Amino acid sequence: MSNHPPEDDPASDLRYISSLPPRLRTSEDSALRSELELELERVQSAPLNDKDAPPPVHAPHAGHIDPPPDGGLTAWLTVVGSAFSILCVLGLVTGAGQLQAYYLKHQLSNYSTSTVAWIASTQITLTFGGAVISGALFDAYSARPLVMASTIGQVGSLVALASFGVSGAIVYSPATGIAAHWFLRRRGTAVAVIMSGAGAGGVIYPLLIKALTDHYVWRNAILILAAVQAGFMAPGCLFMRKRLPNRPPAPLSALKRPWKDKRYCFLIVGQSMTSMAVFSPYFNAAAYARGTSIEGYAVTILQAGNFVGRLACGPLADWIGTWRVFVGFAALSAIWLFAFFVGHFGTAAIIVGLAGYGFASGGHITLIPAVTASISPAHEIGLRIGLLWTVLAIPMLVGPVISGELIQAGGGLYKWAGVWNGLQFVMSSTILGLPGTIDWFRTRNETAAKICPKATPGSERVRPGPADHA
């Protein structure tokens, strides 16, 4: 008689995956978790008597998934390459406000702000809207061909002034999801390093674009920018490696399942409203700071606040709760828009307004994958995040254009656009807060029912009458 202990201890990694904060869980964990659960089930169902044990069967290891190494040179080089890729894509996308200000003063000076806004809004729509496709390609193929294709596309698009959004979409999903291949217990650090690239790019690119357009003619400035883009994308081409085996993408029928989850539908509706407003101040920061000495640096100030917000939201989400912090940053964005973007202020107040909105909106944007993961089954996290970004691409397209029309109607001032953006955040934070509010009331009622259970038939206590005391 002897027990059969497991050769390894899959329960340890399984417990750790379950304890991960929602913002760090990914669809890659679901594959590892499924295998660990099967291993535990095999161990727990093993016969206690050696005589009853069937002969060992060695299953093929083609589909075996080892736990992430949580470090090593290859893993950290992958993180560095991903960070540079995010720096290039989101840095140029969110720094488009500097280009928009240049367009309005030079080549497109005869066009309205709302018309020129189509350029940036289309670019960001294509970048996020392709998340489902690039994510599926990343699952099915290697990361390096996607990164190289994106690099060629980005450099070529800058030279040809077309198709940057599509090129950015190719690398966005691989760069943001590859940390799960290499890290488990240290994934928080890896994700923070990768996403810090977005904030760093948001600071670097507006300054770079302003310096280039101030000192060179347009053609030469864009050619230099394309060369810089190629240099920043080089680490991704060299170092980004996929560790897990290729797997076929989910069938199209899988796209129907998330819509049956009410919380996911609340997230889609609420975040669609936010997406109409969140990037408008980035694209029109120069209009907000018009007539001040910081007009040329408005985008950089806003992006500096964004960088801090991205770094701060993670620890806050782990401490307070992902969904609470997510809704809180949306409400803070609304407060900041109404406080600083709807009136006439001096330079100091404008700086505070830009930095504060960058902080609040940066934290809110960063937590979108986290809240999606917190309400999703492990095997659908990647699918739901990609589907969410694809749906949000539509309001991202029209939002900056509406803000541009309002700026035009307001005589070039951001006042009415600020009111519109603030109202969008108010409605969004209200809708996003409904699932938590409903859960709170449900939990409260269940707790009250346990403390004061309803009387069952025949269990009522009869108060003693006067005759009972006689």
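The values are calculated or read from the model by the stated rules, or taken from the named source; none is laboratory data. Since the structure is predicted, the reported quantities are computational estimates derived from the model, not experimental observations. Positions of Cβ are backbone-derived with ideal geometry, glycine not excepted, and every protein chain shown enters the neighbour counts.
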Starting from residues that are over 22 Å from the mean Cα position of the chain (by Cα) and crowded, with 24+ Cβ neighbours inside 10 Å, keep the ones in the range 287-306 and report whichever is farthest from residue 344 (Cα to Cα).
298
Screening 312, 339 for residues that are surrounded by fewer than 18 Cβ atoms within 10 Å (Cβ to Cβ), at pLDDT below 90 and out of contact with any Lys or Arg (no Cβ under 6 Å at 6 or more places or on another chain) leaves only 312
Would you list the helices (runs of 4 or more DSSP H) that sit entirely within the range 180-296 and hold 3 or more residues that are outside the structural domain of residue 81 (by TED's automatic domain parsing) and in contact with a Phe, Trp or Tyr (Cβ under 7 Å, 6 or more places away or on another chain)?
262-277
Would you say residue 408 is outside the structural domain of residue 200 (by TED's automatic domain parsing), surrounded by fewer than 20 Cβ atoms within 10 Å (Cβ to Cβ) and in a helix (DSSP H, G or I)?
yes
Does any residue of the range 116-124 turn out to be free of Cβ contacts under 8 Å to residues at least 40 places away in the same chain and part of a helix (DSSP H, G or I)?
yes
Conditions (1) more than 28 Å from the chain's Cα centre (by Cα); (2) at pLDDT 75 or above -> residue 422 fails only (1)
